[in-house]
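Scroll down for the structure; my scribbles are underneath it.
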Amino acid sequence: MFTKSSRKPLGLVAVAASLTLVATACAESDRDTAGGDEQPFVFGAPGDITALDPFLASDGETFRYSRQVFETLLDHESGGSEIVGGLAETWEQSEDGTVWTFNLREGVTFHDGDELTAEVVCANFDRWFNLTGAYQSSNNSYYWQTIFGGFAENDEDYAPPEPRFVGCDAEDELTAVIEVSEYSSIFPGGFSLAAFGIMSPTTLEAMEGQEITGEEGNPSLPEYSQVAGTVAGTGPFTVEEWNQDQAEVTLSRFDDYWGDPAGFETMILRAIPDETARRQALEAGDIHGYDLVAPADVAPLQDAGFQVPTRDVFNVLYLAYQQENEALAELEVREALSHAVNRQRIVDTILPEGGEVATQFHPDTLDGWSPDVRTFDYDPDKARDMLADAGHEDLELEFCYPTEVTRPYMPAPKDIFDVISEDLQEVGVTVQPTAYEWAEYINQTDSGNCPLYLLGWTGDYNDAYNFIGTWFSGPMGAWGLDDEELFERMEEVSTNPDADERIAGYQELNEMVMEVLPGLPISSSPPSIAFSADVEPPNVSPLTQEVFAEGSWK
Amino acid sequence: MLRFIVRRLLQLIPTLGGLSILLFVWLQRLPGGPEYALLPDDATDEQRQALRRSLGLDEPLMVQYLSFLRRILQGDLGTSLQTSRPVMDEFFLRFPATFELGVTAMIIAVTIGLPLGYLAARKRGGVLDFAAVGGSLLGICTPVFFLAFILKVVFAEGLGLFPSAFRLSPGLGRTDITGFFVLDGVMTREWDVVWDALAHLILPGLALASIPLAVITRMTRASVLEVMGEDYVRTANAKGLHRTTVRTRHVLRNALLPVVTAMGLLAGSLFAGAVLTESVFAFPGIGSFVYVATQERDYPVLTGFILLIATMYVFINLLVDISYSLLDPRVRAQ
């Protein structure tokens, strides 16, 4: 027999059970059981994408997704950094480098069935050029502004630069002619950037009128860029779904792709921001590949049977000498410090296999690299003598490094900092360590507040300007360097449309830079990518631009 | 009771108002800005300044604060700088994940902690007591990320019993009704989804439960020990009441009062604890979103998260007070 109090819980249970039954009766499963039987290929990415339209993005994760779905006029060779045809089979430039003619591939169809024509290409460029309002914020059109400058009508609120794009003309069905106002060596590389993925006419029509809304400071991206279903490219995969609550993008093989069909029927990109969590997910079999493997994990993963293919290097890490610092303004001090750092030790003990000491501010895989730059061998005795000669036996320098971050060119910032600090102390320099979180680190280094600091760059496309032009085309607070001769020469070389002369010019510039010695190039290192044993990996790219359609199950 | 609830809810206004000022000042003093986190490393000063301007970060502090306050009063937490989607939408999208994880952790902590604490008190000085006290001390001292790491190495990588990451296996289709995967799975009778979602909750749930479990165990033990020495328990025993009745109605019920208060506060702290646990397990809830927001200097998300936690604390305390009245008739009488 139940007492009054013991009936109460039973009553609650009965109510809960009834509610569940009612709910169960109401809800029907609507999941799609159709589709392939093949298991999806799951790749652990360091972050989620920011938009389905790569034009709006400036982050590597959005581009990793978009490269599978959209194609650009030009591309990089599979597994390399040479520029090759993309949607354009061939291309040519006018003598002055301002008119670019692209001969498009025949028979290319978009995911929604539309055909690729020169008019479609021009419609894409015209759309970008005519964007208004918050689209002109540097956060929403970063690469357009970097490559093609501003817009047809620049909005003062967003202060975009002067436009470099003049127009696009569909000369015939498969010939698109793009004109720019002045030649720059960012071409033709700029045409290969993932931000300029070509979309179908139906997509462009659907995008029309979709604005970035919200009041100033609170922009909301348009719906087409947030919900799968609108955007259609020509790539080997179509976008099936972007599940934002799980930070997951699902791609499906596009059966009418003009090239070799994708090896995986379904590919899923899942965000795992934590580096250790990515490794453990691979080891536990939850994912089949991930990027930015910590150098210390490479050997254990290989021993455990995972594949860690080596990418060619396409980045540079450097130690910057900020010349507003009195001591660092002296060339002899900079030379002494350059002799003090044992760069080979960093390469041998910290970087993954394939890493190498850098002799100049861009990798040797790139045209413009010079074998004749001034080099600085590790020689602590010489460094000590040089500092003494310069009257800086008791030099004290603040040395900044970033925390809680890894970059493809800088896999373990604190470890690299430790080695260099030790080397500097060895020659009598007193190092004052200063650590900053990444956002503040960039702020401090850009503002010239760090006399010594570590930074680097991974190239976006195959041109020397993308490396040395980024740093030495004008005065920057980050370097405190004011060398008119160098800046003028950079301008001259980078606007020379003759490829051979330009490459020779870059070689000369690299030599000039190493004479000026604004910093010490430390290393170029291949960011590692890992795959499970049952995967035939795609060709790994030095630009970290893998085309996953090349991969398949073994 | 209604007046009591309304009064407590009104207390939210000055609490959140004060907190909003503190938050605003703190965020302004946070080094680095979104213009450094959101744009690529090679962005020019002009591009960074243009972004600051377009985000309204160049406005005077007072103007920024008033606009922030106006939005908050309209129930608008602003737009995430990382995703350009409304912060409220982002939280609603991820709330079910964090809530499911929090509930799992609390279920683990309560179902193990209460009986363990009670039994440790009953067998004071015994092996179980020693294990419970030692274990709970270890639970409090062990950093969550380390525990998570060990759990993953043993149960995910080693034994392969549970997944090491995510909320659901990639590619497993499901019907979305409420966003709560387990509940949705039950409602639609997608039992594979229910099992898969539960399997994904176990390891992060255990990691997140470690501190509440330790606290509940220790508090229950201490409280039961105290109550067992009370006169009314001795009287009840002397009256010849059944042992079970004495234990449940006299000892446990009275011993639970302080434990319930602690449970309320612990439940609130789970949201903050979820930041680390979710990141380690790549569990896509509010916690892992906030973890990335911290690195990206996503001010609106950080502000929204802290306001959300504060509101949760107030509500949980309210629930604790209400549950007090159910457990203790004296509170009800007042």
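Things worth noting here:
- Residue in segment B:30-49 that is more than 25 Å from B:VAL301 (Cβ to Cβ), in a helix (DSSP H, G or I) and touching a helix residue (DSSP H, G or I) at 6+ places or on another chain (Cβ under 8 Å) present: yes
A quick yes/no check of all residues on (1) among the hydrophobic types (A, V, I, L, M, F, W, C); (2) within 23 Å of A:GLN226 (Cα to Cα); (3) more than 26 Å from the chain's Cα centre (by Cα); (4) within 14 Å of chain A (Cβ to nearest Cβ):
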site: B:SER54; (1), (2), (3), (4): no, yes, yes, yes
site: B:GLU59; (1), (2), (3), (4): no, no, yes, yes
site: B:SER67; (1), (2), (3), (4): no, no, yes, yes
site: B:THR79; (1), (2), (3), (4): no, yes, no, yes
site: B:GLY117; (1), (2), (3), (4): no, no, no, no
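- Condition broken by A:ILE287, with the remaining ones in (1) more than 10 Å from every other protein chain (Cβ to nearest Cβ); (2) surrounded by 24 or more Cβ atoms within 10 Å (Cβ to Cβ) satisfied: (1)
- The residues of segment B:16-41 that are loosely packed, with under 15 Cβ neighbours inside 10 Å and at pLDDT 75 or above, listed by number, are B:GLY17, B:GLY18, B:ILE21, B:LEU22, B:VAL25, B:TRP26.
- For the residues A:PRO188, A:PRO219, the requirement of being surrounded by 19 or more Cβ atoms within 10 Å (Cβ to Cβ) and at the interface with another protein chain (Cβ under 9 Å from one of its Cβ atoms) singles out A:PRO219.
- Residue pairs meeting the criteria (Cβ under 6 Å; at least 6 apart or on separate chains; first within 7 Å of chain B (Cβ to nearest Cβ), in segment A:270-283; second among the polar types (S, T, N, Q)): A:ASP274/B:SER279; A:GLN280/B:SER164; A:ALA281/B:SER164
- Flag if B:PRO163 is more than 25 Å from the chain's Cα centre (by Cα), within 10 Å of chain A (Cβ to nearest Cβ) and either modelled with pLDDT of 90 or more or closer than 24 Å to A:ALA247 by Cα (or both): no
- Residue that is outside any loop (DSSP other than H, G, I, E, B), free of Cβ contacts under 8 Å to residues at least 24 places away in the same chain and not assigned by TED's automatic domain parsing to the domain that holds A:ASN466, where the choices are A:GLU153, A:GLU171, A:GLU179, A:GLU205: A:GLU205
- Search result, residues across segment A:99-150 that are of a type in the set (Gly, Ala, Ser) and outside any loop (DSSP other than H, G, I, E, B): A:ALA118, A:ALA123, A:GLY133, A:ALA134
- Residue in segment A:422-436 that is among the charged types (D, E, K, R) and under 30 Å from A:GLY368 (Cα atoms) present: no
- Taken over segment B:81-103, the criterion of being more than 10 Å from chain A (Cβ to nearest Cβ) and surrounded by 23 or more Cβ atoms within 10 Å (Cβ to Cβ) is satisfied by B:THR98, B:GLU100, B:LEU101, B:GLY102.
- Test result for B:VAL260, in a helix (DSSP H, G or I), at pLDDT 90 or above, touching a helix residue (DSSP H, G or I) at 6+ places or on another chain (Cβ under 7 Å) and not small (Gly, Ala, Ser): no
- Among the residues of segment B:166-199, those that are surrounded by fewer than 21 Cβ atoms within 10 Å (Cβ to Cβ), within 8 Å of chain A (Cβ to nearest Cβ) and either not in a helix (DSSP H, G or I) or not hydrophobic (A, V, I, L, M, F, W, C) (or both) comprise B:SER169, B:GLY171, B:GLY173, B:ARG174, B:THR175, B:ILE177, B:GLY179, B:ARG189.
- Tallying residues that are on the phi > 0 side of the Ramachandran plot and within 14 Å of chain B (Cβ to nearest Cβ) within segment A:46-95 yields 0.
- Output for segment B:306-326, where each listed residue is without any contact (Cβ under 8 Å) to a residue 40 or more places away in the chain and either within 16 Å of the chain's Cα centre (by Cα) or surrounded by 18 or more Cβ atoms within 10 Å (Cβ to Cβ) (or both): B:PHE315
The values are calculated or read from the model by the stated rules, or taken from the named source; none is laboratory data. Because the structure is a prediction, the values reported are computed rather than measured. Using ideal geometry, Cβ is built from the backbone for each residue, glycine included, and neighbour counts are taken over all protein chains shown.
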